[in-house]
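The values are calculated or read from the model by the stated rules, or taken from the named source; none is laboratory data. From a predicted model like this one, the values you see are computed outputs, not experimental measurements. Reconstructed Cβ throughout: ideal geometry from the backbone, glycine too, with neighbour counts over all protein chains shown. These accessible areas exclude ligands, DNA and RNA; they are computed on the full protein's heavy atoms, side chains included. Shrake-Rupley method; radii C 1.70, N 1.55, O 1.52, S 1.80 Å.
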Amino acid sequence: MDNSRHPPLDGRTAVVTGGTRGVGAGIARALAEAGAHVVVCARRPPEPPLEGIEFAPLDVRDPDQAQDFFTALPRLDILVNNAGGAPYRRLDDADARRHARVVELNLLAPLTVTLAAHAHLRRTHGNVIMIGSVSGSRPSPGTAAYGAAKAGLEHLARSMAVEWAPDIRVNTLVVGMVHTESAPLHYGGPDGVAAVSRTVPLGRLATPADIGAATVFLASDAAAYITGAALHVHGGGERPAFLDAATANNTPQGELR
């Protein structure tokens, strides 16, 4: 029978943490368009509601809440650990407790949620997708605790992938700069967004739909042999600053032989 016209995630159930706005909402929409039954969870419901997507309240930092949530869920095939974030805060502008809360949300909460979901995922041979960040692989002044947590999240995903193979696949999407409703807070108005976009080799910021499309790929059977991997969705990353500072290739050097 020809199944080529069936959506790639038809009949599967996906949970997206922090899926009520921004990147999370883009992921939830993409999974739903691919045929999945999608549940987004956060402390507050989306405004406006996401059409065709179920909402469930959940504090991802609370192990008891997480366990109760997944115990009540009939089925789970795909878990997307997207909840996270951090305010701009230089290290010496806050005490250790504030920085620890950033690590809790961005590293310990995904561990908490994934452990609570493990039994479901093992039964369905499901998969986990961690939403990482380029901040985890480069210096992140002003968001150092966030960057450290995202570095740890990618390592956690690789270890999970080995421990839980072959039953469960675990991968990380390493996300670069994304144009969401909060982009002006990070980059300024339209001029700031345009200036930042010019630093990206592809010439623009990602959209939530770009991240959603990559999530659908990793969640689908097209990625059936991919686990423990980190897929970079960053438009080519950042142009090395030394290329613009160096003079060696900006002046005639004579004929090469």
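A few points about this structure:
- For R158: the one exception among (1) in contact (Cβ under 8 Å) with a residue 60 or more places away in the chain; (2) of a type outside the set (F, W, Y); (3) open to solvent by 10 Å² or more (accessible area, probe 1.4 Å); (4) in contact with a helix residue (DSSP H, G or I) (Cβ under 9 Å, 6 or more places away or on another chain): (4)
- The residues listed here are A151, A222; of these, the one that is surrounded by 13 or more Cβ atoms within 10 Å (Cβ to Cβ) and in a helix (DSSP H, G or I) is A151.
- Being in contact with a helix residue (DSSP H, G or I) (Cβ under 9 Å, 6 or more places away or on another chain), within 20 Å of L105 (Cα to Cα) and small (G, A, S) holds for only one residue in A14, A36, A30, A42, and it is A42.
- Residues of segment 168-218 satisfying the condition of being modelled with pLDDT of 95 or more, surrounded by 18 or more Cβ atoms within 10 Å (Cβ to Cβ) and of a type in the set (S, T, Y): T172, T215
- Taking the criterion of being more than 17 Å from E238 (Cβ to Cβ), in a loop (DSSP other than H, G, I, E, B) and in contact (Cβ under 8 Å) with a residue 60 or more places away in the chain, the only residue of segment 161-177 that qualifies is A165.
- When restricted to residues that are open to solvent by less than 80 Å² (accessible area, probe 1.4 Å) and touching a strand residue (DSSP E or B) at 6+ places or on another chain (Cβ under 8 Å), segment 71-108 contains 10.
- Subset of segment 178-218 (residues that are in a strand (DSSP E or B) and touching a helix residue (DSSP H, G or I) at 6+ places or on another chain (Cβ under 7 Å)): V178
- Tabulated pairs, segment 65-91, first free of Cβ contacts under 8 Å to residues at least 24 places away in the same chain, second among the aliphatic types (A, V, I, L, M) and open to solvent by less than 20 Å² (accessible area, probe 1.4 Å), C-beta under 6 angstrom, 6+ apart or interchain: Q65/L58
- Among residues of segment 136-148 being part of a loop (DSSP other than H, G, I, E, B) and farther than 20 Å from R97 by Cα, the one that is farthest from the chain's Cα centre (by Cα) is P139.
- Of all positions in segment 126-138, at least one carries a residue that is more than 30 Å from D10 (Cα to Cα), open to solvent by 40 Å² or more (accessible area, probe 1.4 Å) and out of contact with any Ser or Thr (no Cβ under 6 Å at 6 or more places or on another chain).
- G35 in a loop (DSSP other than H, G, I, E, B), in contact with an Asp or Glu (Cβ under 8 Å, 6 or more places away or on another chain) and open to solvent by less than 80 Å² (accessible area, probe 1.4 Å): yes
- When residues in segment 46-62 are screened for being more than 19 Å from the chain's Cα centre (by Cα), farther than 25 Å from A213 by Cβ and open to solvent by less than 80 Å² (accessible area, probe 1.4 Å), 1 of them pass.
- Within segment 119-168, the residues that satisfy the criterion of being charged (D, E, K, R) and out of contact with any Gly (no Cβ under 8 Å at 6 or more places or on another chain) are R122, R123, E163, D167.
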